[in-house]
1. Between the helical axis of 2-36 and the dominant principal axis of the chain, each derived from Cα atoms, what acute angle in degrees is found, rounded to the nearest 10?
2. Rank 12, 21, 29 by mean-square fluctuation in a GNM of the chain with C-alpha springs under 10 angstrom and give only the top-ranked residue.
3. Nearest 10 degrees is fine. How inclined is helix 44-58 to the longest principal axis of the chain, computing both from alpha carbons?
4. Could you list log10 I(q)/I(0) for the chain at q = 0.21, 0.28 Å⁻¹, which the Debye formula gives when each Cα is one point scatterer?
5. How far apart, in nm, are two points set 7 Å out from the Cα along the Cα-to-Cβ line at residue 39 and at residue 18?
6. Note the full-extension length gain between residue 48 and residue 29 as 0.36 nm times their separation in residues minus their Cα-Cα distance, in nm to one decimal.
7. Most fluctuating residue of 25, 13, 49 in a GNM of the chain with Cα springs under 10 Å: which is it?
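Nothing in this text is a laboratory measurement; each read-out follows from the coordinates by a stated rule. If you're wondering where the values come from, they're calculated on a predicted model, not measured in any experiment. FYI the Cβ positions are ideal-geometry reconstructions off the backbone, even for glycines, and counts take in every protein chain you see.
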């Protein structure tokens, strides 16, 4: 069991790095969407929902 874990360790580390990259890209896109809708008072909630949705899709 330990041997198979050691074999899979580089893949696990790579997967965590890729996940972190997509997570931070998703956060940035969420901020962009919220920033674009910040000036429109009526679209503020829509921007929040669209930002979260965009982040979720990317992750």
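1. 10 degrees
2. The residue with the greatest mean-square fluctuation here is 12.
3. Compared with the principal axis, the helix lies near 20 degrees.
4. -0.74, -0.98
5. Rounded to a tenth, the inter-label distance reads 3.9 nm.
6. So the extension gain works out to 5.7 nm.
7. Looking only at 25, 13, 49, the biggest GNM fluctuation is shown by 13.
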